[in-house]
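Read through the structure below, which is laid out as structure tokens, and then see the notes.
The values are calculated or read from the model by the stated rules, or taken from the named source; none is laboratory data. It should be emphasised that the depicted structure is a prediction, and the values quoted were computed from it without experimental measurement. Here the Cβ is made from the backbone with ideal geometry for all residues, glycine too, and neighbour counts use every protein chain on show.
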Amino acid sequence: MKQIIIIITILTVLSLPVLAVDALGVYSSECTNKGDINIVFYIAENNYKVESSSMELEINKIKYEEPWSNQKYLRKGTDSTKESNTAIYAEGTFNEDKVYSGSLKYIQEYLKDDSKGENATITLAFTVSCPGLRFSCNNLGVSIESCKNTPDGFEAIIDMKGMEQSVGYEINPETMMDYHFTAESSYKQIEGNSKEGGLPEKYAIEKISDNKYKFTTNIGSNTIKEMNIRYKSTELPIPCHEPSYENITFYSHKECSTAQTTEPEKETQESTEEEIESKPDEQEEKGSSMLGIVIVIILIIIAGFVYFKQKQFKHKL
């Protein structure tokens, strides 16, 4: 009797459907002080296949939009192919010193005896610890928005990103940037004296808003024609090789204008107001002239009439 019960139990267990388990697991994860995350997922169970196209990754509610390292599928078994898949989030994405929560949603297919089994949608939860941002080349970018010569000196408005991107690491816009100017004539520089060169002997750089800085200097009656600015590669905390960051602007150039005074515009405005004020006088003068002509004509008519009456009177006598 016991043997019969054991046999029935075994048959019952064998007839039960295979319970789905998590096919994927986190093999390794790394978050650096550049704000990037590199995370590797691998097939943890035999006889499972996961299409890469079904993998949806989120960390701190930021969806992973870049290509996976393995574009086909992960499979572990007798004819296994790639058994891992890597996702790399860009620099400057995770900038806080904290533990970030993430999830990977995917569809796994159970394979049994090389035949298709049941599909299951799995959500794998995990965490990644980050040290906080120190510096990222992805946060850089420079652009000279305007530059002009005025009666009070030279002024430029520059958009310089990345100066205050980290806590505890200050980036100085004076020492981190390389400035170059082309002037009408020689000007006195920190080092040397020529028409083309670096920073003038006296200048000021003032922050006016987020990422916005105002550069001012006074080189007398001289005029700055062009301005160039770029990040100094030797001063950056980490190497930022420009080909590796093709979407980042490391250099900016601009031709500078000469501002005109507003005095001629005031003179034009004043003359216009004088013309407007003089129009009523002109109209009055025209009216006076017409009135004088009418009076003269009336006097001539009256004189003619009087002369005619006098002549008639003499004729009657």
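With respect to ALA120, determine if the residue is assigned by TED's automatic domain parsing to the domain that holds ASP36, among the aliphatic types (A, V, I, L, M) and within 28 Å of the chain's Cα centre (by Cα). When the stated conditions are applied, ALA120 does not pass them. Reported count of residues in the range 172-191, each being closer than 30 Å to GLU91 by Cα and either acidic (Asp, Glu) or in contact (Cβ under 8 Å) with a residue 60 or more places away in the chain (or both), is 4. Which one of these is at pLDDT 95 or above and of a type in the set (S, T, N, Q): THR216, THR150? Going through THR216, THR150 in turn, the sole match is THR216. Can you find, within the range 196-206, the residue that is nearest to HIS253 (Cα to Cα) among those that are exposed (fewer than 14 other Cβ atoms within 10 Å of the Cβ) and in contact (Cβ under 8 Å) with a residue 12 or more places away in the chain? Only one residue fits best here, namely GLY198. Looking for something under 36 Å from the mean Cα position of the chain (by Cα) and exposed (fewer than 13 other Cβ atoms within 10 Å of the Cβ) - is there at least one such residue anywhere in the range 74-95? Within the range 74-95, not a single residue is under 36 Å from the mean Cα position of the chain (by Cα) and exposed (fewer than 13 other Cβ atoms within 10 Å of the Cβ).
Quick check: anything in the range 163-176 more than 19 Å from the chain's Cα centre (by Cα), among the hydrophobic types (A, V, I, L, M, F, W, C), at pLDDT below 95 and surrounded by 15 or more Cβ atoms within 10 Å (Cβ to Cβ)? Checking the range 163-176: at least one residue is more than 19 Å from the chain's Cα centre (by Cα), among the hydrophobic types (A, V, I, L, M, F, W, C), at pLDDT below 95 and surrounded by 15 or more Cβ atoms within 10 Å (Cβ to Cβ).
Among the residues here, LEU111 qualifies as surrounded by fewer than 19 Cβ atoms within 10 Å (Cβ to Cβ), under 30 Å from VAL50 (Cα atoms), at pLDDT below 90 and among the aliphatic types (A, V, I, L, M). Of the residues making up the range 223-261, those that are closer than 14 Å to SER136 by Cα and of a type in the set (A, V, I, L, M, F, W, C) number 5. Scanning the range 212-222 for residues that are part of a loop (DSSP other than H, G, I, E, B) and either aliphatic (A, V, I, L, M) or crowded, with 16+ Cβ neighbours inside 10 Å (or both) gives ILE219, ASN222.
When residues in the range 37-69 are screened for being among the polar types (S, T, N, Q) and surrounded by 17 or more Cβ atoms within 10 Å (Cβ to Cβ), 1 of them pass. MET160 passes every criterion in (1) within 30 Å of ASP97 (Cα to Cα); (2) of a type outside the set (D, E, K, R); (3) not in a strand (DSSP E or B) apart from (3).
Residues that are modelled with pLDDT under 95 and touching a helix residue (DSSP H, G or I) at 6+ places or on another chain (Cβ under 7 Å) number at least 1 in the following strands (runs of 3 or more DSSP E) confined to the range 1-93: 73-76, 84-89.
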